[in-house]
Amino acid sequence: MILTRKFLCQALLEGIAPLTCLKCAEPVPFEAHVAGVCSFCMMNWGVFEADMTSITLFRERFYTEWIAVGFRLRDSGTRSILHRCKYGGNPKCIKGLGRWLACRWPPPPKGSVLTPVPIHWKRRLQRGYNQAKVFADGLAEVWEIEVDGGALLRVKHGKSLTGSSRQERGKVLKQTYECNHKVNSDSRLVILVDDVLTTGATLRACRDILEKQGRKVVGAVVLAMA
C-alpha cells in the first residue's frame, strides 16, 4: 500500500506527538481532530444551528441583517477552549474553528468583506496575533471572501472588559476604537467579526464608527455567545 505524503506525515506526527482534545485531553486521530477538539466533545458544545432561533437570540444583543454564530459559552469546558485559543498561543485552533463555523452557515451577502474587531498593538505584541483576525481568516478560506484587517484601529489600551456590565462596556468602548482613514475608502459591505458576543457593545461601537465614515455594516459573525 502506497501512502501519500500527506497521510505519511500525519501518521508520523501521531506517532511522535499524538493529538489530544483541548477539552477532554483524550488522544484523537488526526482526521477526527476538528480545530483542536474531538467530535465527541463538540456534540456537547451547545452549537447554534443556522435557523431563526439562533438569529433571534443574536439579534437581542446586536441587531443586524445577516449573522452567524458558533456555540454558547455555557460551561468551563467551552470557556477553557476559547481561553486557550485567545491567550494560549494557539492561532491554528481558532482558525480551524473559523473553517468549522463557515461550513455550518451560509456565506455572507455578495459584495461584502470580513472586518475583524481590532486589538491594541500592545496586546497584539503580547499575544502574537489578533484572535478575531485569525478567526476571520478561517472563515474566509471556506466562504472565499476577503478579510479587511485594517479598517478599524483600537486606540485605547485598557484592562479586559470581561465581566463588565452593558453600561460599563458602552461607556468605555465609545472612546476605544477609531476608523483607519488611510485604508477606509472601501465601498464594500461590512461583516464584523469577533470571538465572543456578550452584550453587543463592542459590535455596536465598531458599527457606529464605520457608518460615520460612510461604510455600511450589514452583518456580524462571532465564534461564541456568552
If we scan the stretch 47-67, do we find a residue that is of a type in the set (Val, Ile, Thr), more than 30 Å from Leu125 (Cβ to Cβ), loosely packed, with under 12 Cβ neighbours inside 10 Å and at pLDDT 85 or above? yes
Quick one: would you say Pro118 is farther than 19 Å from Cys206 by Cβ, outside any helix (DSSP H, G or I), under 17 Å from the mean Cα position of the chain (by Cα) and at pLDDT 90 or above? no
Pair list, Cβ < 6 Å and 6+ apart or interchain, from the stretch 89-104 residues that are touching a residue at least 12 places away in the same chain (Cβ under 8 Å) to residues that are polar (S, T, N, Q) and buried (at least 23 other Cβ atoms within 10 Å of the Cβ): Ile94/Gln131
What about Gly111, is it in the same structural domain as Arg72 (by TED's automatic domain parsing) and surrounded by fewer than 19 Cβ atoms within 10 Å (Cβ to Cβ)? yes
Any residue that is surrounded by fewer than 19 Cβ atoms within 10 Å (Cβ to Cβ), closer than 18 Å to Ala220 by Cβ, assigned by TED's automatic domain parsing to the domain that holds Ala201 and modelled with pLDDT of 85 or more - is there at least one of those in the stretch 81-96? no
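The values are calculated or read from the model by the stated rules, or taken from the named source; none is laboratory data. As the structure is a computational prediction, the values presented were derived from the model and not from experiment. No Cβ is skipped: glycine too gets one built from the backbone with ideal geometry, and neighbour counts run over all protein chains shown.
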